[in-house]
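Please read the structure below before turning to the comments.
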Amino acid sequence: MRIALVSDGGIGCGALPALIAALRRRGWSVIPVLLPVSAPGLGAALLSDLCGSAAVSGGALPAVDVTVVAPCEASLLAALQAPSGSGPGWRGPVVVVPIAAAPVTTAFQRAGWRLAPPGEPLLGGGVTGLLMASPEVVCQMVAACVAPQDLAGTRVLVTAGPTCEDLDPVRFLSNRSSGLMGLALALAAWRRGGRVTLVHGPLQVDIPRLPELQAVPVRSAREMQAAVLANADAQHVAILCAAVADFMPAHCAERKIKKGDGAGYALELVRTPDILATLGALPRRPFLVGFAAETHDLHAHALEKRQRKNCDLLCANDVTEPGSGFGVATNRITLFARDGSVTALPLLSKADAAERVLDRVVAALPVARLSP
Ligand code: CTP
């Protein structure tokens, strides 16, 4: 994909190297474009070096798939929002990344234009004022520009990460889930136009702050169930990817448990609620996707689990297989559908695996929306 990166040379250009690196890490070509108003200090040579592509000055843009205006300071934002401000012959979708909270008019309702939300303070350390969306947010918005919008108008709930079941104020039971697969699903659904609610346990990864992606942090299985049920009614699709603890301590001690004199310590555990099975038993429920992390007999366990939890699609992976375990960037998923079909996906990045799962959801959705 080819991206034109339009900059006006203001102080916010200090944020450009990290953004350019993030765009290029995805394999996208970045062509820097300097506007006629760009400050001479911007450094066309440095920008060209960072992008690996000669800077284009003023005039018409090169032919690209997406134009990114970043950082977009207040004066440029105002110019872009003027009736004649559609840019010098800009074609294709445009992502505008403002650096300051400038007033925004309806100009951004133009087809194909997206306005990035404000991000963290650029200067950090409690100094506020200059805000720009993170490189990850910009990359997600760019990817959304070229994604099929086949989940537009669809509400999608995703659960992700582990749950933590507290034993006392300092200890808890949990598992190795990083949350990467659940986050990949939430982001893929968002890029395809879905309105996403992400209910997640403690994650090892950051959630990009995107509009229409609502993150609901929880800790325990019971909290996750409450958050899921509170949101379930409004959803068209629910994808339960979280590694929910199956057991929790029968009691959580108010004070730290002391080891005492004994040689051992016995914990009494009780079952947590099964969130997927609870949703599966609802008379009116969203299209339901479950996950199954297995270490052996994957097919038999997956078939049994799909039926017992009454989900429409079950995604199973063998966590002992290289590249399919916890905390890695890839996954090999086998899909078990309600109609009995079994589809083995190849080893894919979690982002690509998420797209393939959503392809199946989208294909089934019109039927699912009609069913009780
Ligand atoms: N799940 C859930 N609530 C639980 C346990 C699991 O909603 N208390 C969901 C998971 O999010 C996943 C699916 O059920 O979508 C399967 O989870 P898994 O742990 O593989 O299945 P279990 O039912 O726990 O079976 P087992 O541990 O015996 O393999």
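The values are calculated or read from the model by the stated rules, or taken from the named source; none is laboratory data. In this text, all values refer to a predicted model and were calculated from it rather than measured experimentally. Ideal geometry is used to build each Cβ from the backbone, glycine not excepted, and the neighbour counts take in all protein chains shown. The accessibility values were calculated without ligands, DNA or RNA, using every heavy atom of the protein model including side chains. Shrake-Rupley method; radii C 1.70, N 1.55, O 1.52, S 1.80 Å.
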Amide H proximity to residue 33 below 5 Å, modelled H, separation 5+ or other chain, gives 5, 6, 7, 56
The chain: Rg/Rh from Cα coordinates, Kirkwood Rh?
1.04
Listed residues 289, 270, 319, most fluctuating in the chain (Gaussian network, C-alpha, under 10 Å)
270
Pop out the carbon and sulfur fraction of the accessible area of the range 155-370 as a percent, whole number, probe 1.4 Å.
52
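Give me the number: length gained by fully extending residue 48 to residue 230, i.e. 0.36 nm times residue separation minus the C-alpha to C-alpha distance, one decimal in nm.
Values: separation 182, 0.36 × 182 = 65.52 nm, distance 5.03 nm.
Computed gain between residue 48 and residue 230 is 60.5 nm.
Quick check for me: using +1 on Lys/Arg Cβ and -1 on Asp/Glu Cβ, what's the dipole size of the range 155-370 about its Cα centre, in debye to the nearest 20?
Numbers: 26 positive and 22 negative charges, 96 e Å.
Here the size comes out at about 460 debye.
When every alpha-carbon pair in the range 155-370 is counted, what percent end up more than 25 Å apart? Mind dumping the intermediate values first?
Working: 8717 of 23220 pairs.
For the range 155-370, the fraction of Cα-Cα distances above 25 Å is 38 percent.
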List the residues, sorted by chain then number, that are 5 or more residues from residue 113 or on another chain and whose placed amide H is less than 5 Å from its amide H.
94
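Is there a quick way to get the dipole size of the chain? I mean about its Cα centre, with the Cβ of Lys and Arg at +1 and of Asp and Glu at -1; what is the value in debye to the nearest 20? Display every interim value, and only then the final one.
Details: 33 positive and 29 negative charges, 91 e Å.
Dipole of the chain, to the nearest 20 debye: 440 debye.
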With label points built 7 Å along Cα→Cβ from the Cα atoms of residue 166 and residue 342, find their separation and express it in nm.
4.3
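Could you provide, to the nearest whole Å², the per residue accessible area of the chain with probe 1.4 Å? Walk me through the numbers on the way to the answer.
On the way: 17570 Å² over 372 residues.
Here the residues of the chain average 47 Å² of exposed surface.
Can you compute the helix-only [θ] at 222 nm over the chain? Use -39500 (n - 2.57) per DSSP H run of at least 4 residues, normalise by all residues, nearest 500 deg cm²/dmol.
On the way: 9 runs with 99 residues, N = 372.
So the calculated ellipticity at 222 nm is -8000 deg cm²/dmol.
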Nearest-0.05 FRET efficiency for residue 261 and residue 79, computed from C-beta distance (R0 56 Å)
0.15
How much length would be gained if the chain were fully extended between residue 219 and residue 110, taking 0.36 nm per residue of separation minus their Cα-Cα distance, in nm to one decimal?
35.2 nm
Pick out which of 305, 259, 350 has the largest mean-square fluctuation in a Gaussian network model of the chain, springs linking Cα atoms closer than 10 Å.
259
